[in-house]
Amino acid sequence: MNLSEKTLRTMEELTQLFGVSGQENEVRTYLANRYKEYGFEVIYDTLGSVFAVKKSKKENAKTILLAGHMDEVGFVVRDVTSTGCLSLTAIGGWWNQTLLGQRVLVKNRAGKTFKGVIGSIPPHLLSEADRAKPMEIKNMLVDIGAKDKEEAESWGILPGDGIVVEGPFVLMEGGKRLLAKAWDNRYGCIMGLEVLDALKDVDLDVDLVVGATVQEEVGLRGATTAGYLVDPDVAIVFDCSPANDTNGKKDEFGQLGSGPLVRFIDANYLPHRGFLNHYIDVLEENKLPYQYYQSMGGTDAGAFHKAFEGVLTLTMCICARNIHTNSSIIDQDDFLNARTAAIAMVKSLTPEKIETLKTSNR
Ligand SMILES: [Zn+2]
């Protein structure tokens, strides 16, 4: 099976939107429009997280929340220099070695975008010591073509304006691997749309709330507020985790193309054991490949599971190469298997099953 043209188009559109943490409005508007096309009510938290609500015909139904995060790592303008360049403050985690010479987009407060590049010094002009180490982000400058500070400011560029690194969408040779910026985590936004599409006409005994949070990359902030907005019985997080497979070591966590991840520990969340076991049962019943995964990072699950008196929470992630760069790669089969798992998971979560899981730590 291959991805449909429609899914590929959604992938291209969503990965290319500008959505540095705190400035996610392009992604939010896109998702809200898609949810409205399906006819679902759309709800927001004050930080900007957005969700479609698919109500059950049953009254007082339990609520399942499916969420990705719409923000991506990027930068904001720290200062406009006298030479018309922009110094940077990182938003989310970057390794400085991935940045010099990269094309960027800068967006001013009126919403106008400017093309630019992170300046780089040619190697023969660098001392041997400087050449041997990555430049610190605080020393990098974005050139947007302005001749001086006055010109840049006349274009409406000010401290705090957002910056993302460009990374076009490419279906790679072989037809299986998809290269783009921001798979972390437009993947989760797309997965939500795909599950909604598959279940839009299915009568469920639960309310299904599907959408995307903001500001995950700076500390799960949208998930914190969205947890209170939705007050779910179950929260399922879609996200991308780092693949560690290009060295050929099969015992490393995160083998691209080897199936959805069963994340059994990460830095801010320990899965509910009953729910994790149920996830493995769903994967087995659907004859899907899967792989165990442990992470020193975290996901929105870290916030959702602590809302109110605690929420039954699960991560349903896939792995991606080169995350937190503008050139991340996912595998089509992982995507399709994760989608099958997500749809089957929602269908498996009957009110009785949710109640059993919710009360199993008593
Ligand atoms: Zn993420």
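Rule-based calculations on the coordinates, nothing more; no lab input. If you're wondering where the values come from, they're calculated on a predicted model, not measured in any experiment. Cβ placement follows ideal geometry from the backbone for every residue including glycine, while neighbour counts extend to all protein chains displayed.
Give the order of M1, M172 when sorted by the count of other beta carbons within 10 angstrom, beginning with the fewest. List each step's numbers first, then the result.
Numbers: M1 8, M172 11.
Ascending number of Cβ neighbours within 10 Å: M1, M172.
Using every Cα-Cα pair within the range 170-287, state what percent have a distance larger than 18 Å. Could the numbers behind the result be given before it?
Values: 4569 of 6903 pairs.
Looking at the range 170-287, the distances longer than 18 Å represent 66 percent of pairs.
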Can you pull the one-decimal nm distance between simple spin-label points at S127 and R273, each 7 Å off the Cα toward Cβ? 5.7
Cut-off 10 angstrom, C-alpha nodes, Gaussian network model of the chain. Which of I280, I64, I163 fluctuates the most? I280
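Could you work out the Kirkwood radius for the range 1-153, taking every pair of different alpha carbons, averaging 1/r and inverting it, reported in Å? Numbers along the way, then the final one.
Working: mean 1/r = 0.0534 Å⁻¹.
Evaluated over the range 1-153, this radius sits at 18.7 Å.
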Counting only pairs 8 or more places apart or on different chains, how many lysine pairs in the range 74-165 have C-alpha atoms closer than 28 Å? 13
As a test of the definition: which semi-axes, in Å, follow for the range 74-165 when you take the square root of five times each eigenvalue of its alpha carbon gyration tensor? Largest first, please. 23, 15, 10
Compactness of the range 248-326 as Cα Rg over 2.2 N^0.38 Å, two decimals: 1.15
Ranked highest first by average number of other Cβ atoms within 10 Å, how do 187-196, 253-262, 205-214 line up? 205-214, 187-196, 253-262
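Let me know the charge dipole size of the chain about its Cα centre in debye, to the nearest 20, where only the beta-carbon of Lys, Arg (+1) and Asp, Glu (-1) is charged.
Working: 39 positive and 49 negative charges, 11 e Å.
In total the dipole reaches around 60 debye.
Just the Kirkwood number for the chain, please: inverse of mean 1/r across all distinct Cα pairs, in Å, one decimal.
Values: mean 1/r = 0.0472 Å⁻¹.
Computed over Cα pairs of the chain, the Kirkwood hydrodynamic radius comes out at 21.2 Å.
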Mean Cβ-within-10 Å packing, highest first, puts peptides 234-241, 130-137, 152-159 in the order 234-241, 152-159, 130-137
Quick one: 3J(HN,Hα) in Hz for the range 26-31, Karplus 6.51/-1.76/1.60 with θ = phi - 60°, rounded, Gly and Pro as x. 4, 5, 4, 5, 4, 5
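I'd like the antiparallel share, as a percent to the nearest 5, of DSSP beta bridges with both residues in the chain. Don't jump to the answer; show the numbers that get you there.
Values: 40 of 64 bridges.
For the chain, the DSSP antiparallel bridge percentage is about 60.
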